[in-house]
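Input: a single structure, listed below in structure tokens.
The values are calculated or read from the model by the stated rules, or taken from the named source; none is laboratory data. Since we're looking at a predicted model, the values are computed, not measured. Every residue, glycine as well, gets a Cβ built from its backbone with ideal geometry; the counts of neighbours run over all protein chains shown.
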Amino acid sequence: MAYIWAISSEANQLIKVDPAHREVVGRLAVGRDPSALVATADSVWVVAYGDETLVRVDATSLQITARIPLPNSPNTLGLDRDGAWVGLQMGKPESGLAYVDAASNQVRIYPDRGWPAGRVGSEFWLYQHRGFDFSPLVAIDPSTGETVDRFAAWNIASFAVVGETVWITHQAPGRPSSVISRLDLGTGNREEVIAVPDYATNLVTVEGDLWFSAYIDPGLLGRLDPGTRRVSAARGYVHSP
């Protein structure tokens, strides 16, 4: 059975939800100020920001299996094939990026590399800060810590992978609005597909369509059909072909 996982920063809890019956089936105190989570079928990884700790929880028993200390406050989290990437608070000693090996729970620090973005094909991508509002997507080699640029743009907000294509929301060049672009992983070619008002973010793929929310208008939920490249919305969005 698949479950929905959530965190409560007020109650300092991890919450397990049964979507079939729409009810909470478990709660677990995980530490101060939980702020992010990622989950597999076996484990749930939770950032306890206030404790400077990554907490690992057994997804079946809802028991803590490891509390992994980090050099400073963790704030972002990404799941990889063999572990988890953790972004560490900027402006503090040993800021940057940590990798936690799932087999050993051992931590490796990569100073000033970026923040976890997500798995793309055979690579793990990061948002890499290079100045005001410029954080390109880069791929990291875990063995060396070296990074390679994959997509450079202003104010990249989110991305989603559909087959061999990466869809990315970012600021339009020279315009106070956002666009959704596509990157072909096979050829490396990129293309701006459509302009979107209100700064599109939280891009996800659901049954072949791309859904996004708007930073300026929290009530807007947009949908992009990758085939027709037309956008529709649950509220407030008008598309001009």
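Checking the structure you have, find out if any residue of the range 81-102 is within 22 Å of residue 17 (Cβ to Cβ) and in contact with a strand residue (DSSP E or B) (Cβ under 9 Å, 6 or more places away or on another chain).
Our first condition is that a residue be within 22 Å of residue 17 (Cβ to Cβ); within the range 81-102, this holds for 84.
Cutting the leftovers down to in contact with a strand residue (DSSP E or B) (Cβ under 9 Å, 6 or more places away or on another chain) gives us 84.
Yes: the range 81-102 contains one or more residues that are within 22 Å of residue 17 (Cβ to Cβ) and in contact with a strand residue (DSSP E or B) (Cβ under 9 Å, 6 or more places away or on another chain).
Can you tell me which of (1) more than 25 Å from residue 118 (Cβ to Cβ); (2) of a type in the set (D, E, K, R); (3) touching a residue at least 24 places away in the same chain (Cβ under 8 Å) is the one residue 56 doesn't meet?
Every condition holds for residue 56 apart from (1).
Please count how many residues of the range 1-27 are acidic (Asp, Glu) and outside any strand (DSSP E or B). Let's see the steps before the verdict.
Pass one, the range 1-27, residues acidic (Asp, Glu): 10, 18, 23.
Then drop every residue that is not outside any strand (DSSP E or B), which leaves 10.
Qualifying residue count, the range 1-27: 1.
Restricting to the range 64-77, count the residues that are part of a loop (DSSP other than H, G, I, E, B) and touching a residue at least 24 places away in the same chain (Cβ under 8 Å).
Counting residues in the range 64-77 that are part of a loop (DSSP other than H, G, I, E, B) and touching a residue at least 24 places away in the same chain (Cβ under 8 Å) gives 3.
From the list 54, 97, which one is part of a strand (DSSP E or B), at pLDDT below 90 and surrounded by 22 or more Cβ atoms within 10 Å (Cβ to Cβ)? Walk me through it before giving the result.
Details: 54 fails: at pLDDT below 90.
The conditions single out 97.
Name, by its number, the condition in (1) farther than 28 Å from residue 168 by Cβ; (2) within 15 Å of the chain's Cα centre (by Cα) that does not hold for residue 80.
(1)
Before we move on, is residue 49 among the aromatic types (Phe, Trp, Tyr) and free of Cβ contacts under 8 Å to residues at least 40 places away in the same chain?
Numbers: among the aromatic types (Phe, Trp, Tyr): yes; free of Cβ contacts under 8 Å to residues at least 40 places away in the same chain: yes.
The answer is yes for residue 49.
Might you check whether a residue that is in a strand (DSSP E or B), assigned by TED's automatic domain parsing to the domain that holds residue 86 and within 20 Å of the chain's Cα centre (by Cα) occurs anywhere in the range 28-35? Working first, answer last.
The initial filter retains those residues of the range 28-35 that are in a strand (DSSP E or B), namely 28-29, 34-35.
Cutting the leftovers down to assigned by TED's automatic domain parsing to the domain that holds residue 86 gives us 28-29, 34-35.
Narrowing the set further to residues that are within 20 Å of the chain's Cα centre (by Cα) leaves 34-35.
Yes, that holds for at least one residue.
What's the number of the only condition in (1) surrounded by fewer than 14 Cβ atoms within 10 Å (Cβ to Cβ); (2) out of contact with any Asp or Glu (no Cβ under 8 Å at 6 or more places or on another chain); (3) β-branched (Val, Ile, Thr) that residue 25 fails to meet?
Residue 25 satisfies all of (1) surrounded by fewer than 14 Cβ atoms within 10 Å (Cβ to Cβ); (2) out of contact with any Asp or Glu (no Cβ under 8 Å at 6 or more places or on another chain); (3) β-branched (Val, Ile, Thr) except (2).
Restricting to the range 203-212, count the residues that are exposed (fewer than 15 other Cβ atoms within 10 Å of the Cβ) and not in a loop (DSSP other than H, G, I, E, B).
Here is the first cut: in the range 203-212, the residues exposed (fewer than 15 other Cβ atoms within 10 Å of the Cβ) are 204, 206-209.
Restricting the remaining residues to those that are not in a loop (DSSP other than H, G, I, E, B) gives 204, 206, 209.
Residues in the range 203-212 being exposed (fewer than 15 other Cβ atoms within 10 Å of the Cβ) and not in a loop (DSSP other than H, G, I, E, B): 3 in total.
Here is a list: 81, 32. Which entry is in contact with a Lys or Arg (Cβ under 9 Å, 6 or more places away or on another chain) and of a type in the set (Lys, Arg)? It would help to see each step written out before you state the result.
Values: 32 fails: in contact with a Lys or Arg (Cβ under 9 Å, 6 or more places away or on another chain).
Testing whether each residue is in contact with a Lys or Arg (Cβ under 9 Å, 6 or more places away or on another chain) and of a type in the set (Lys, Arg) leaves just 81.
Yes/no matrix, rows are residues, columns are (1) modelled with pLDDT under 85; (2) surrounded by 16 or more Cβ atoms within 10 Å (Cβ to Cβ); (3) acidic (Asp, Glu):
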site	(1), (2), (3)
171	no, yes, no
201	yes, yes, no
226	no, yes, no
234	yes, no, no
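The rows are residues; the columns are (1) within 22 Å of residue 167 (Cβ to Cβ); (2) within 15 Å of the chain's Cα centre (by Cα).
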residue	(1), (2)
84	no, yes
101	no, no
108	no, no
112	no, no
117	yes, yes
125	yes, yes
146	no, no
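Suppose the filter is of a type in the set (A, V, I, L, M) and surrounded by 20 or more Cβ atoms within 10 Å (Cβ to Cβ); does residue 46 pass it?
On the way: of a type in the set (A, V, I, L, M): yes; surrounded by 20 or more Cβ atoms within 10 Å (Cβ to Cβ): yes.
Criteria met by residue 46.
Hand me the list of strands (runs of 3 or more DSSP E) wholly inside the range 127-202 holding 3 or more residues that are of a type in the set (S, T, N, Q) and within 25 Å of residue 223 (Cα to Cα). Talk me through it step by step, then tell me what you get.
On the way: elements: 137-140, 147-151, 158-162, 165-171, 178-184, 190-196.
In the range 127-202, the matching strands (runs of 3 or more DSSP E) lie at 165-171.
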